[in-house]
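Peer 1: Sharing a structure below in structure tokens format, with a few things to ask.
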Amino acid sequence: MRQHHVLDYVEFPCRDLTSTKLFFEAAFDWVFTDYGEEYTAFSCSGLEGGFYFSEQASASSSGSALLVFYSDDLEASQAAVIKHGATIVKPIFEFPGGRRFHFAEPSGNEFAVWSEQ
């Protein structure tokens with residue numbers, strides 16, 4: 001059920017829709033629905049959204065918002081994203097209240113994964 005004034009959808013640029021879809025399907029069990037050759041929507045991620053074809057990428061270093069996954073096992077999550085083609089942007093580090101790492105998926109978009117201490 002949709003809720004008034006609650007974040008409902010997010011969109012990301014994507015250089016390679018096929019590689020990005022394969023990565024998120026394998027690493028995070030996302031489900032995709034294609035809408036033409038230049039757009040794919042995802043679900044089963046906690047927040048629905050999509051990827052649109054673009055040569056750009058979303059990175060926190062350029063001022064983009066950073067979406068952060070939660071993990072019960074940070075080391076296992078890091079191993080999974082590496083196994084499926086991500087590049088580690090920031091290895092696991094501590095911050096007040098937890099630990100996290102940042103990765104870039106195959107199209108270059110940056111995400112993070114965090115876990116409590």
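Laboratory data are not the source of any read-out in this text; all were calculated from the coordinates shown. Bear in mind that the values here come from a model prediction, so they are computed numbers and not experimental data. Glycine gets a Cβ as well: all are built from the backbone with ideal geometry, and neighbour counts include every protein chain shown.
Peer 1: Could you list, in sequence order, all residues of segment 1-10 that are in contact (Cβ under 8 Å) with a residue 12 or more places away in the chain and either among the β-branched types (V, I, T) or surrounded by 14 or more Cβ atoms within 10 Å (Cβ to Cβ) (or both)? Write out each step before concluding.
Peer 2: First pass over segment 1-10, keeping only residues in contact (Cβ under 8 Å) with a residue 12 or more places away in the chain: 7-10.
Within segment 1-10, V10 is the sole residue that qualifies.
Peer 1: Here's a follow-up. Restricting the first residue to segment 18-33 and requiring it to be under 15 Å from A104 (Cβ atoms), which pairs with a second residue that is polar (S, T, N, Q) meet a Cβ separation below 7 Å and a spacing of at least six or different chains?
Peer 2: Qualifying pairs under 7 Å: S19/S107; T20/S107; F28/S45.
Peer 1: In segment 79-101, which residues are within 17 Å of K21 (Cα to Cα), hydrophobic (A, V, I, L, M, F, W, C) and out of contact with any strand residue (DSSP E or B) (no Cβ under 7 Å at 6 or more places or on another chain)?
Peer 2: A80
Peer 1: Counting just the residues of segment 90-111 that are part of a strand (DSSP E or B) and in contact (Cβ under 8 Å) with a residue 24 or more places away in the chain, which one comes out farthest from E11 (Cα to Cα)?
Peer 2: If we take residues in segment 90-111 being part of a strand (DSSP E or B) and in contact (Cβ under 8 Å) with a residue 24 or more places away in the chain, then R99 is farthest from E11 (Cα to Cα).
Peer 1: Is there any pair with a first residue in segment 71-84 that is touching a residue at least 60 places away in the same chain (Cβ under 8 Å) and under 12 Å from F28 (Cα atoms) and a second that is aliphatic (A, V, I, L, M) and crowded, with 17+ Cβ neighbours inside 10 Å whose Cβ atoms are under 7 Å apart and which are 6 or more apart or on different chains, and what are they?
Peer 2: Note: pairs meeting the criteria are H84/A27.
Peer 1: Might you let me know whether segment 40-49 holds any residue that is without any contact (Cβ under 8 Å) to a residue 12 or more places away in the chain, of a type in the set (V, I, T) and surrounded by 10 or more Cβ atoms within 10 Å (Cβ to Cβ)?
Peer 2: no
Peer 1: I want to confirm something. Restricting to segment 56-78 and keeping residues that are within 19 Å of S19 (Cβ to Cβ) and of a type in the set (G, A, S), which single residue is surrounded by the most Cβ atoms within 10 Å (Cβ to Cβ)?
Peer 2: Only one residue tops the list, namely S58.
Peer 1: Within segment 29-46, track down each residue that is aliphatic (A, V, I, L, M) and over 17 Å from P13 (Cβ atoms).
Peer 2: V31, the sole residue that qualifies.
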